[in-house]
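Report on the structure given below.
The values are calculated or read from the model by the stated rules, or taken from the named source; none is laboratory data. What you see is a predicted model; the values in this text were computed from it and never measured. What goes into the accessible areas is simple: the full protein's heavy atoms, side chains included, and nothing from ligands, DNA or RNA. Shrake-Rupley method; radii C 1.70, N 1.55, O 1.52, S 1.80 Å.
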Amino acid sequence: MGGPIQEEFGWRGYLLGPLQERFTALGGGVAVGLIWALWHVPLFYIPSETIYYQSSFVGFTVSITLLSVLMTWVYNNTNASLLPALLFHATWNWSQGMFPILESDPASLTMVVLLVGTTGAVVAYWGPRRLLCADDSVATHAPSR
């Protein structure tokens, strides 16, 4: 939980709101994802960080950016609550350690393809501008973006 607790207050709690106002929800999610990827660059040079060390930074950047868009969707549809985003982030991190097969190239590629499909479906259905449910009962309580 260390990473999610330390990071989510900054990524979604502080940075996402202004970026969504300026670039839309999709643009804000992508921007946070790219900044989030850069935040992890040092881990790619630490041999004990086996998930990152000698892995593809490009693949990591693509997957974390797609994940950031999905987390933006979750955040916007939970009345800007950090708890679901934090749990989403923690679950993602936990799955990496729980399923070491994800470190293999075929599994990593499959995961990226699934992320592309899921993110594409979410953006297509909920719309890139707000990534919000069209139901007025949810939209009236969601953060204005």
Please state, as a whole number in µm²/s, the translational diffusion coefficient that the Stokes-Einstein equation yields for region 1-123 at 4 °C and 1.567 mPa s, with Rh defined as the Kirkwood radius across alpha carbon pairs. 88
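For the chain, with every protein chain kept in place, what is the accessible area per residue (1.4 Å probe, Å²)?
Working: 8130 Å² over 145 residues.
Per-residue value: 56 Å².
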Tilt of helix 82-98 relative to the longest C-alpha principal axis of the chain, in degrees (0 to 90, nearest 10)? 20
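When the helix-only estimate is applied to the chain (DSSP H runs of n ≥ 4, each -39,500 (n - 2.57), divided by the residue count), what is the mean residue ellipticity at 222 nm, nearest 500 deg cm²/dmol?
Details: 6 runs with 96 residues, N = 145.
Taking each H run of at least 4 residues, the total per residue is -22000 deg cm²/dmol.
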Using only Cα atoms, tell me the angle between helix 57-76 and the longest principal axis of the chain; keep it within 0 to 90° and round to the nearest 10. 30
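If you roll a 1.4 angstrom probe over the protein chains with everything in place, what fraction of the accessible area of region 3-90 belongs to carbon and sulfur, to the nearest %? Could the numbers behind the result be given before it?
On the way: 2960 of 4300 Å².
Summing carbon and sulfur atoms, their accessible area is 69 percent of the total for region 3-90.
Sorting Tyr53, Tyr75 by accessible area (1.4 Å probe), largest first, what list results?
Values: Tyr53 80, Tyr75 15 Å².
These residues rank, largest area first, as Tyr53, Tyr75.
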So what is the relative contact order of the chain, in percent, for Cα pairs below 8 Å that sit 6 or more residues apart? 30
Rounded to the nearest 10 degrees, what's the angle between the helix 16-39 long axis and the longest principal axis of the chain, both from Cα atoms, 0 to 90? 10
